[in-house]
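**Student:** Take a look at the following structure, please.
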Number of protein chains: 2
Amino acid sequence: MPARRPADAGFDNLLNDKVQTVNLQLESLLDEQKDIHEDLKKALAYTLVSPGKRIRPALLLWSCEAVAGRDSHEARIAAAAIEMVHTYSLVHDDLPAMDDDDLRRGRPTCHKAFDEATAILAGDALLTLAFEVLATKIADAPLAVELISQLALAAGGAGMIAGQMADLQAEHTVGSIEALEYIHINKTAKMFRCAAVMGGLCGQAESGRFKAEPAQLDALAQYGLKIGLGFQIADDILDVSASSAQLGKTAGKDVEAAKCTYPAVIGIEKSRELERRLAREAMQALTPFGSRAGVLHALADALLQRNR
Amino acid sequence: MPARRPADAGFDNLLNDKVQTVNLQLESLLDEQKDIHEDLKKALAYTLVSPGKRIRPALLLWSCEAVAGRDSHEARIAAAAIEMVHTYSLVHDDLPAMDDDDLRRGRPTCHKAFDEATAILAGDALLTLAFEVLATKIADAPLAVELISQLALAAGGAGMIAGQMADLQAEHTVGSIEALEYIHINKTAKMFRCAAVMGGLCGQAESGRFKAEPAQLDALAQYGLKIGLGFQIADDILDVSASSAQLGKTAGKDVEAAKCTYPAVIGIEKSRELERRLAREAMQALTPFGSRAGVLHALADALLQRNR
């Protein structure tokens, strides 16, 4: 990989800080699950407490900070919940009947490390646990309900699952740019948007102004959607340009599976251009936050650096 | 089948009434899903709007009536949500990697009618939708949060999913009565208990006494757990004594799969005795409700009639 700019090191430190926070929160929530089936717990721990990038929960925590100047207990619970939903989606997407992948986050996928039935059930348990922790660990009922709504809408049949459905159907077809957008917006960008909005809601609750400033939430929604789409395009580009060791998952898998990706449909150069445009637009959406959105700017900037 | 007592016809009418209510609610909630992926919606409609017995949602609605004298919008939403979770569990349990079943509710299982990937995603979407409707369709936030907690706890890795995990692991083993109880309590009885408690919570909210009388909720929890365990034992007995046409699913499947069932472990006669004892205990738990729990008595009674 090319040498990275000093700015990246600063961002990496900020991200690492959030990775620690999220990992601790996930471990503590898992530890509290006393009555869970033991073998299921092993599978949950294996998939959940793994070297993930934790971009979605970090985005959530930073969005909370952009609103309230700090994160909060509620934001950390929400961050863990969104990472649980992301992880469940990876576990199910990797199944033989879906993308049939053997490697994830640098380790055997859940159904390879355990078995297929365990992977299906572990995914189901993670999805359920995400809603459980939001409902049981957040005392402010209106906030909890709003977070659950946002997460369910982003992750459900009109969001992430619709994206995966379309992604599977698009294999071995000549993808149009519209089909591609549908897949990436649903499969990835809506969950990023959801992370930003959930963080914003936690931040507003923390500052005692829950839902009082819809413009803040709109700005975060805009930012999250753009960043999410840009992130997915960057991922597509990396899949064709990086090795499996760099990715922690099987490289070239998209090409092999004849997946509908941006580089396949519009070429690598145009994909990079689009990614840059999305990062710029994401930064513009942050205007209402001024200097308080520094880290969110850095996240958009880091996105641009990934493929240089 | 032996001739049924007149009392059963009366109960059947009461149940049919609730089946109509639940089916209408499910159809209306599905209709509202405008942005859902079209093929996913077809799979959801296929599995959800199917000839199910709707015992769990009926139990929920009757528990609400036992508390408030009537059901409510909130109870109907909760009834639809619990049926969504039950249906998702059937769709996933039927998968080739799990129980590998071809027939369900008298029709091809979801992965047979569509394909395996669609069945996995349809199950995921149903589970997510259950939480979505509870969070978005119930205006009373503390009630919504409590319903979501109860459902997530009953359906998760320390409940229904633990039961399915243990069930799969117990195949081809000589089951102990303890292992059997663990499976049935987790896989079935906790969801029945959850239905009764959710109904009770809706009833208390409807009568303006939300969580004011924990003894009511305890009684319903006791009743639901006993009825649920009795129902599962009845199901096990039916599997060895009825035909596929009567069941709407493959008969003798438990024996073939060497499943850990009550008839296999303690014999049919002792299973029937246990079922009767559970029905009696369930009825005793209803004492605090007096005559207002008439239909819940009839449900326990109907359970006893199923295997006569």
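**Student:** Mind listing whichever residues of the stretch B:200-240 are under 22 Å from B:A139 (Cα atoms) and of a type in the set (K, R)? Please lay out each step first, then the result.
**Tutor:** The first filter runs over the stretch B:200-240 and keeps only residues under 22 Å from B:A139 (Cα atoms), leaving B:200-213, B:217.
Scanning the stretch B:200-240 gives B:R209, B:K211.
**Student:** Something else now. Just checking: which of the helices (runs of 4 or more DSSP H) contained wholly in the stretch B:145-215 hold 2 or more residues that are at the interface with chain A (Cβ under 9 Å from one of its Cβ atoms) and under 22 Å from A:Q33 (Cα atoms)?
**Tutor:** It comes to B:160-170.
**Student:** Here are A:T128, A:T87: which of them is without any contact (Cβ under 8 Å) to a residue 24 or more places away in the chain, buried (at least 23 other Cβ atoms within 10 Å of the Cβ) and either outside any loop (DSSP other than H, G, I, E, B) or not β-branched (V, I, T) (or both)? Give the steps one after another, and end with the answer.
**Tutor:** Values: A:T87 fails: without any contact (Cβ under 8 Å) to a residue 24 or more places away in the chain.
When all the criteria are applied, what remains is A:T128.
**Student:** Still on this model: Name the residues in the stretch B:186-210 that are touching a residue at least 60 places away in the same chain (Cβ under 8 Å) and small (G, A, S), would you?
**Tutor:** Correct list: B:A195, B:A196, B:G199, B:G200, B:G203, B:A205, B:S207.
**Student:** Same structure, new question: Does A:G123 fit the bill of being outside any helix (DSSP H, G or I), in contact with a helix residue (DSSP H, G or I) (Cβ under 7 Å, 6 or more places away or on another chain) and at the interface with chain B (Cβ under 10 Å from one of its Cβ atoms)?
**Tutor:** For A:G123, the condition - outside any helix (DSSP H, G or I), in contact with a helix residue (DSSP H, G or I) (Cβ under 7 Å, 6 or more places away or on another chain) and at the interface with chain B (Cβ under 10 Å from one of its Cβ atoms) - is not met.
**Student:** Oh, and also: Output the qualifying pairs, or none if there are none: Cβ atoms under 6 angstrom, residues six or more apart or on different chains, first residue in the stretch A:49-74 and touching a residue at least 60 places away in the same chain (Cβ under 8 Å), second residue in a helix (DSSP H, G or I) and of a type in the set (D, E).
**Tutor:** Sorted first by the residue in the stretch A:49-74, then by its partner, the pairs are A:P57/A:E83; A:A68/A:E206; A:D71/A:E65; A:S72/A:E206.
**Student:** Still on this structure: Restricting attention to the stretch B:27-40, report how many residues are surrounded by 12 or more Cβ atoms within 10 Å (Cβ to Cβ), part of a helix (DSSP H, G or I) and within 14 Å of chain A (Cβ to nearest Cβ).
**Tutor:** Result for the stretch B:27-40: 4.
**Student:** Still on this structure, I have one more. Can you tell me which of A:A75, A:A3, A:A9, A:A68 is modelled with pLDDT of 95 or more and surrounded by fewer than 22 Cβ atoms within 10 Å (Cβ to Cβ)?
**Tutor:** A:A68
**Student:** So A:G224 clears everything in (1) touching a Lys or Arg at 6+ places or on another chain (Cβ under 7 Å); (2) within 13 Å of chain B (Cβ to nearest Cβ); (3) in contact (Cβ under 8 Å) with a residue 60 or more places away in the chain except one condition, right? Which one?
**Tutor:** In the conditions (1) touching a Lys or Arg at 6+ places or on another chain (Cβ under 7 Å); (2) within 13 Å of chain B (Cβ to nearest Cβ); (3) in contact (Cβ under 8 Å) with a residue 60 or more places away in the chain, A:G224 misses (2) alone.
**Student:** Right, here's the next one. So, B:A113, is that one buried (at least 20 other Cβ atoms within 10 Å of the Cβ) and small (G, A, S) or not?
**Tutor:** Answer is no for this residue.
**Student:** Among the listed residues A:G248, A:G267, identify the single one that is surrounded by fewer than 19 Cβ atoms within 10 Å (Cβ to Cβ) and modelled with pLDDT under 90.
**Tutor:** A:G248
**Student:** Could you run through the stretch A:131-143 and say how many residues are free of Cβ contacts under 8 Å to residues at least 12 places away in the same chain and at the interface with another protein chain (Cβ under 7 Å from one of its Cβ atoms)?
**Tutor:** 3
**Student:** If a residue has to be acidic (D, E) and within 11 Å of another protein chain (Cβ to nearest Cβ) to count, how many in the stretch B:95-118 make the cut?
**Tutor:** So the count comes out to 4.
**Student:** Confirm whether A:L60 is away from chain B (no Cβ under 14 Å) and in a helix (DSSP H, G or I).
**Tutor:** Here the answer is yes, as A:L60 does meet what is asked.
**Student:** To continue, here is another question. Applying the selection to the stretch A:75-90, what residues are small (G, A, S) and more than 14 Å from A:Q150 (Cβ to Cβ)?
**Tutor:** A:A80, A:S89
**Student:** When A:I120 is evaluated against the numbered criteria (1) buried (at least 20 other Cβ atoms within 10 Å of the Cβ); (2) closer than 18 Å to A:G224 by Cα, which criterion, by number, is the only one it fails?
**Tutor:** With respect to (1) buried (at least 20 other Cβ atoms within 10 Å of the Cβ); (2) closer than 18 Å to A:G224 by Cα, A:I120 is out only on (2).
**Student:** With respect to A:L220, determine if the residue is buried (at least 20 other Cβ atoms within 10 Å of the Cβ), within 16 Å of A:A195 (Cβ to Cβ), in contact with a Gly (Cβ under 7 Å, 6 or more places away or on another chain) and modelled with pLDDT of 90 or more. Steps first, please.
**Tutor:** Working: buried (at least 20 other Cβ atoms within 10 Å of the Cβ): yes; within 16 Å of A:A195 (Cβ to Cβ): yes; in contact with a Gly (Cβ under 7 Å, 6 or more places away or on another chain): yes; modelled with pLDDT of 90 or more: yes.
It is true that A:L220 is buried (at least 20 other Cβ atoms within 10 Å of the Cβ), within 16 Å of A:A195 (Cβ to Cβ), in contact with a Gly (Cβ under 7 Å, 6 or more places away or on another chain) and modelled with pLDDT of 90 or more.
**Student:** Does the stretch B:184-198 include one or more residues that are at pLDDT 95 or above, of a type in the set (S, T, Y) and crowded, with 22+ Cβ neighbours inside 10 Å?
**Tutor:** Checked against the condition, which is being at pLDDT 95 or above, of a type in the set (S, T, Y) and crowded, with 22+ Cβ neighbours inside 10 Å, the stretch B:184-198 yields at least one hit.
**Student:** Same structure again: Please specify each residue of the stretch B:106-120 satisfying the condition of being modelled with pLDDT of 95 or more and either under 16 Å from A:L127 (Cβ atoms) or in a loop (DSSP other than H, G, I, E, B) (or both).
**Tutor:** In the first step, residues of the stretch B:106-120 are kept if they are modelled with pLDDT of 95 or more; the result is B:108-120.
Within the stretch B:106-120, B:T109, B:F114, B:D115, B:A119, B:I120 qualify.
The values are calculated or read from the model by the stated rules, or taken from the named source; none is laboratory data. As the structure is a prediction and not an experimental result, all values here were calculated from the model. A quick note on method: Cβ atoms are made from the backbone with ideal geometry, for glycine too, and the neighbour counts reach across all protein chains shown.
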